Amino acid sequence: MSWLALIRPGDWLVMLLSAAVVGASIPVFWVGGLADRAIIRQEGKVFAEVDLKVRKQFEVGGPLGTTLIAVEPGRARVVSDPGPRQYCVKQGWLMRPGEIAICAPNRVSIQIAGRTKVYDSISY
Amino acid sequence: MTRSVIELTVTAEDRRVAWLATAAVGLSLVDAAIPSPLPGVKPGLANIVTLVVLARYGWGTAVWVSALRVLAGSLLLGYFLAPGFFLSLTGTTLSLLTLGLARHLPARWFGPVSLSILAAFAHIGGQLLLARAWLIPHDGVFLLTPVFAAAALVFGTINGLIAAKLLAEPAPTEAA
């Protein structure tokens, strides 16, 4: 007996409706939406605000040298940094609103922003 | 010294519930052994037993089997009265209530697959609400809802198919 024969007409309906609910739940629950912009800061001041629609590279100068930042559609990352521990480089691609990579030694940071502001942590 | 005699009469129904609950507990253990990419995403194989019991022996027996499964499963896996136990209990309660309603759907159109999917959604819904209300009082809990809902759909369908397959075979003769 084939597995398909076990599914009754209403079952297909339930499956279809459930799939629709799952699909509809994605924009409802993933608040902040998709990554919209990348904000690059140097010494705390905004160096550039880029729409995450283009493919572009930025060279940001700091006290140690040049931090190279790559922006691609929907994501951004620090490509290289003169800092000793390379934390911001190792973070890799940033894709979600609120994500941030900080190259503290070179005083450069890159943050992803969405439509709505999200918190990166809340404590009680 | 008088010996008190407590006579426990065991009915055939009791034996049946015990056997079915054992099967459900066994599947819970298998469930726990399967590595999960995310806490909360589990196949929920024990629900196959619940579905079969519901169709063969009715809702009351299904409640008994599920309650015993949650209790014995948590004791065996060592999370009795831990948060996981209450999550499990809430999920099971809600999915049993859903099954209680959904089993009145016309059987010609809606089979075990529908029941399984609805129960899976009720299960994860209950767990998310309890987690939000008690364990993690922050809306961030709901961030993973789409993932959980998708898992409920996939595993609900698979479990429902397995239950339908089992129900398509003739009922086993009652062994004592």
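All of the numbers you see were taken from the coordinates with simple rules; none came from a lab. Quick caveat, the model's predicted, so the values are computed rather than measured. All Cβ positions, glycine included, derive from the backbone under ideal geometry; neighbour counts span all protein chains shown.
Here are the numbers for the structure shown:
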quantity	calculated
The protein assembly as shown, Cα convex hull volume normalised per residue, Å³	205
Simple spin-label estimate for B:I6 and B:F80 in nanometres, 7 Å along Cα-Cβ	1.6
For the protein assembly as shown, with +1 on Lys and Arg beta carbons and -1 on Asp and Glu, the positive-most of B:A33, A:S25, B:G100 along the dipole	A:S25
Helix A:9-29 vs. chain A, principal-axis angle (Cα, 0 to 90°, nearest 10)	20
Rg ratio (alpha-carbon, reference 2.2 N^0.38 Å) - chain B	1.11
Residue among B:G44, B:G160, A:A104 farthest towards the positive dipole end of the protein assembly as shown, charges placed on Cβ	A:A104
Unit charges on C-beta of K, R, D, E only; dipole of the protein assembly as shown, Debye	400
Cα-centre dipole for chain A with unit charges at Cβ (Lys and Arg positive, Asp and Glu negative), debye to 20	100
Lys pairs under 29 Å by Cα in the protein assembly as shown, provided they are eight or more residues apart or on distinct chains	10
Fewest-first ranking of B:H104, B:H138, using other Cβ atoms within 10 Å as the exposure measure	B:H104, B:H138
Overall form of segment A:12-81 per C-alpha gyration tensor (a/c, 1.5; a/b vs b/c)	prolate
Rounded if a/c under 1.5, otherwise prolate or oblate - segment B:1-62, Cα gyration tensor axes	oblate
10 Å Cβ neighbours from other chains, averaged over peptide B:105-111	4
Table column - 3J(HN,Hα) (Hz), segment B:96-105, Karplus curve with 6.51, -1.76, 1.60, x for Gly and Pro	5, 4, 4, 4, x, 7, 6, 6, 8, 5
Cα-centred dipole magnitude for segment B:12-168, charges only on beta-carbon of K, R (+1) and D, E (-1), debye, nearest 20	320
Cβ-Cβ FRET estimate between B:W19 and A:V79, R0 fixed at 41 Å, reported to 0.05	0.05
Cα gyration tensor of segment A:37-113 - equivalent ellipsoid semi-axes, whole Å, descending	18, 12, 11
Stokes-Einstein D for segment B:50-107, Kirkwood Rh over Cα pairs, 10 °C, 1.306 mPa s (µm²/s)	133
